[in-house]
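Have a look at the structure below, then the notes.
The values are calculated or read from the model by the stated rules, or taken from the named source; none is laboratory data. Small disclaimer: the values here were computed from a predicted structure and weren't measured. Note: ideal-geometry Cβ built from the backbone for every residue, glycine included; neighbour counts use all protein chains shown.
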Amino acid sequence: MSKLRDVFKNGHKAFIPFVTAGDPSADSTVSQVLALAAAGADIVELGVPFSDPIADGPVIQAAGLRAFAGGITVNGVFDIVAKIRETSQVPLVFLTYANIPFKYGYEKFTARCEELGVYGLVIPDLPAEEAGEILPYTEKHHVDLIPLISPASGSRLEKLVQHATGFIYIVSALGVTGQRNDFALNLPDLIASLRKVTDAPLCIGFGVHTPEQAKTLAKEADGVIVGSAIVQMVADNADPAPVIGKYTKEMVAAVESAE
């Protein structure tokens, strides 16, 4: 049974914040994740920095560059998780580009995820047709492969969600990540279509940044994902943990008010 599924039991609406591993340092990331968990985050998404992050907008790209400047490596990301696990069992998922587990070795990468309690992988540049390469390893090591579904997915929905076990990441609008004020008009239709082909929880991300947006989206979906707004706070504050913790408390309250 997927450990991520447990989060959504009894109609619970999840708040899922994102931070970039190693931004601006490994120790800071540990503090950030612990602050997010203490503030009520249901799952924390940890970005594994990559040299060519095609789905990321300027805010998260800049975070990746700061992390690289601080010397982050894939092993360093796993070290961050190990440090978090000394004091917190908050569910973690990685956002990673496909080349990272490929070069690290699918077996080794997914085995370390299982060992350290990384429950899922979001891989933005992995086409559904190529998921078969990593799938035997994610299944063996009980790591959920989390598909990204966009408003343009159309008739391919059934194929895109066939391997979804943890939750499904719905992209709220086309384009890269970043704060926005408008979302795809067909989101309710997309959610209704997905409900017909999967029982996996549906979480919406890309551009969400206000409690009002979070509450509105949580009425339709099972969870809300916020990245760029939090990553910008990390960039703007020398000690970001208390700042993102306060913001997360507000967002958790907004999401839960939609239950």
- prompt: Being modelled with pLDDT under 95, among the hydrophobic types (A, V, I, L, M, F, W, C) and part of a loop (DSSP other than H, G, I, E, B), is that true of even one residue in the stretch 141-159?
  reply: yes
task: Check I123, I72, I84 and return the single one that is within 27 Å of Q213 (Cα to Cα) and among the β-branched types (V, I, T).
output: I123
- line: When every residue in the stretch 39-89 that is in a loop (DSSP other than H, G, I, E, B) and of a type in the set (A, V, I, L, M) is compared, the one nearest to the chain's Cα centre (by Cα) is I43
message: Being surrounded by 23 or more Cβ atoms within 10 Å (Cβ to Cβ) and either more than 25 Å from V30 (Cα to Cα) or of a type in the set (K, R) (or both) is the requirement here; does P147 meet it?
response: yes
Close pairs (6 angstrom Cβ cut-off, 6 or more residues apart or separate chains): among the hydrophobic types (A, V, I, L, M, F, W, C) in the stretch 237-259, not in a helix (DSSP H, G or I) anywhere: V243/N237; M251/F15; V252/F15; V252/G40; V255/K13; V255/F15; V255/V224; A258/K13
- line: Note on T29: of the conditions (1) surrounded by fewer than 20 Cβ atoms within 10 Å (Cβ to Cβ); (2) over 28 Å from E139 (Cβ atoms), unmet is (1)
- prompt: Quick one: how many residues across the stretch 7-22 are over 16 Å from the mean Cα position of the chain (by Cα) and at negative phi?
  reply: 2
query: Can you find even one residue in the stretch 41-55 that is of a type in the set (G, A, S), over 23 Å from T210 (Cβ atoms) and free of Cβ contacts under 8 Å to residues at least 60 places away in the same chain?
result: yes
query: So which of K140, K219, K215 ends up being surrounded by fewer than 17 Cβ atoms within 10 Å (Cβ to Cβ), closer than 22 Å to D6 by Cα and in contact with a Ser or Thr (Cβ under 9 Å, 6 or more places away or on another chain)?
result: K140
message: Among (1) at pLDDT 95 or above; (2) charged (D, E, K, R); (3) more than 23 Å from G245 (Cβ to Cβ), there is one condition E86 misses while meeting the rest; what is its number?
response: (3)
- prompt: Taking A235, is it among the small types (G, A, S), within 22 Å of I146 (Cβ to Cβ) and either at pLDDT 95 or above or within 19 Å of the chain's Cα centre (by Cα) (or both)?
  reply: no
query: Of the residues Q162, Q232, which single one is part of a loop (DSSP other than H, G, I, E, B) and over 20 Å from A14 (Cα atoms)?
result: Q162
query: Looking at this structure, is I204 in contact (Cβ under 8 Å) with a residue 40 or more places away in the chain, at negative phi and not in a loop (DSSP other than H, G, I, E, B)?
result: no
- prompt: Given the structure, is E220 farther than 17 Å from F18 by Cα, modelled with pLDDT of 95 or more and not aliphatic (A, V, I, L, M)?
  reply: no
message: Being at pLDDT 90 or above and within 17 Å of L126 (Cβ to Cβ): is that true of D199 here?
response: no
- request: Could you list all residues from the stretch 234-244 that are farther than 18 Å from E212 by Cα and either touching a Lys or Arg at 6+ places or on another chain (Cβ under 7 Å) or crowded, with 20+ Cβ neighbours inside 10 Å (or both)?
  value: V234, P240, A241
statement: Subset of the stretch 100-122, residues in contact with a Ser or Thr (Cβ under 9 Å, 6 or more places away or on another chain) and either surrounded by fewer than 22 Cβ atoms within 10 Å (Cβ to Cβ) or not aliphatic (A, V, I, L, M) (or both), comes to P101, Y106, F109, T110, C113, Y119, G120
message: Taking the condition of being in a helix (DSSP H, G or I) and of a type in the set (A, V, I, L, M), how many residues in the stretch 90-137 meet it?
response: 6
